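Working notes for the structure below.
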């Protein structure tokens, strides 16, 4: 006699015992991991009511599992997707999902005469956290930000953090001041050097703060930055907003039909070489500034194009486009 205890069916029975209202179809598919980067997916009817081709009457969700998934991982993949079914289409990896995922795994353990161990629960909680954050399982979480910023308004100001580090390191250094052993003397000497570097960093930061104060008062971490390159933000439109319709300037009037310049380039040539009478709008100038910055090395560009005339700005765009095309071997 051969008796094979098949874990996938056992897990589905455990899930159904925990959540009797589950009504789900589970199918194996090929190539999903390669195409979608996932071993499992759960489908619901979309907003228009359109159903997946594998859909059947009477189910509330459709689960797909990649047939190429490692066999030992199948129970966990299925538990994950069934927890999504319990949480619903808007549940994501939230608390309802996490509770269902843990309950299904716990029931699966008990069906095999075991209780979930602390190590297993810790691993499951890490898997939930990885699902929420996108972190790969088994890797260290990304360190939390330390410095104050718009994304971390409760963080440290750099000068205060440096001062705090100096004070703490100085306190530690005082504790070994009377230790004459060689290792202690090396640590004592290096600590004093580190404190000196911290002090120099505080001095530099204070200089930066003084420079910023000449621009505007401190707006706080969530205020408008006092420095930066606002015109480096990509414009909403890939084409020049409101570009005027200008006749071709690179060919004679008879040959203009063969011109390959688009509306943007014709307008820029008019501003650059023909003294176009209508000035650029602020939106058009911002678009031009972004074009220049996206084509060249930022270290060779001015902090702002505010002092550029329309003619200079249009020429800068055309020159940037030409340099970019040459770099890519297009000219």
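The values are calculated or read from the model by the stated rules, or taken from the named source; none is laboratory data. Because the structure is a prediction, the values reported are computed rather than measured. As a convention, Cβ positions derive from the backbone with ideal geometry for all residues, glycine included, and neighbour counts pool all protein chains shown.
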Could you please find all residues in region 150-193 being assigned to a loop (DSSP other than H, G, I, E, B) and within 27 Å of residue 208 (Cβ to Cβ)?
150, 151, 152, 153, 154, 155, 157
Starting from region 197-214, take each residue that is assigned by TED's automatic domain parsing to the domain that holds residue 170 and part of a helix (DSSP H, G or I) and list its partners that are at pLDDT 90 or above and surrounded by 13 or more Cβ atoms within 10 Å (Cβ to Cβ), counting only C-beta distances under 6 angstrom and pairs at least six apart or across chains.
198/162; 198/165; 198/166; 201/162; 202/159; 202/162; 205/158; 205/159
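Conditions (1) touching a helix residue (DSSP H, G or I) at 6+ places or on another chain (Cβ under 7 Å); (2) over 30 Å from residue 80 (Cα atoms), marked per residue:
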site	(1), (2)
142	no, no
163	yes, yes
181	no, yes
188	yes, yes
201	yes, yes
206	yes, yes
212	no, yes
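Could we say that residue 142 is out of contact with any strand residue (DSSP E or B) (no Cβ under 6 Å at 6 or more places or on another chain), closer than 30 Å to residue 208 by Cβ, in contact (Cβ under 8 Å) with a residue 24 or more places away in the chain and not in a helix (DSSP H, G or I) here?
no
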Counting only residues that are assigned to a helix (DSSP H, G or I), within 27 Å of the chain's Cα centre (by Cα) and in contact (Cβ under 8 Å) with a residue 24 or more places away in the chain, region 16-49 contains a total of 2
Restricting to region 145-162, what's the tally of residues that are under 19 Å from residue 224 (Cβ atoms) and in contact with a strand residue (DSSP E or B) (Cβ under 9 Å, 6 or more places away or on another chain)?
4
Is it fair to say residue 27 is surrounded by 14 or more Cβ atoms within 10 Å (Cβ to Cβ), modelled with pLDDT of 90 or more and either closer than 21 Å to residue 133 by Cα or touching a strand residue (DSSP E or B) at 6+ places or on another chain (Cβ under 6 Å) (or both)?
no
Report whether or not residue 99 is farther than 15 Å from residue 23 by Cβ, touching a helix residue (DSSP H, G or I) at 6+ places or on another chain (Cβ under 6 Å) and in the same structural domain as residue 17 (by TED's automatic domain parsing).
no
Do we have any residue at all in region 149-161 that's under 30 Å from residue 92 (Cβ atoms) and in contact with a helix residue (DSSP H, G or I) (Cβ under 7 Å, 6 or more places away or on another chain)?
no
Of the residues 73, 79, only one is over 27 Å from the mean Cα position of the chain (by Cα), closer than 22 Å to residue 29 by Cβ and exposed (fewer than 15 other Cβ atoms within 10 Å of the Cβ); which?
73
Scan region 303-318 for residues that are within 33 Å of the chain's Cα centre (by Cα), assigned to a loop (DSSP other than H, G, I, E, B) and surrounded by 17 or more Cβ atoms within 10 Å (Cβ to Cβ) and report the count.
1
Verdict on residue 59 being over 19 Å from residue 134 (Cα atoms), assigned to a strand (DSSP E or B) and either modelled with pLDDT of 95 or more or in contact with a strand residue (DSSP E or B) (Cβ under 7 Å, 6 or more places away or on another chain) (or both)
no
Which of the residues belonging to region 106-162 are surrounded by 14 or more Cβ atoms within 10 Å (Cβ to Cβ) and within 21 Å of the chain's Cα centre (by Cα)?
126, 127, 128, 129, 130, 131, 135, 148, 155
Could you say whether any residue in region 60-68 is over 16 Å from residue 12 (Cα atoms) and surrounded by fewer than 18 Cβ atoms within 10 Å (Cβ to Cβ)?
yes
Counted residues in region 69-106 being closer than 13 Å to residue 8 by Cα and part of a helix (DSSP H, G or I) come to 14
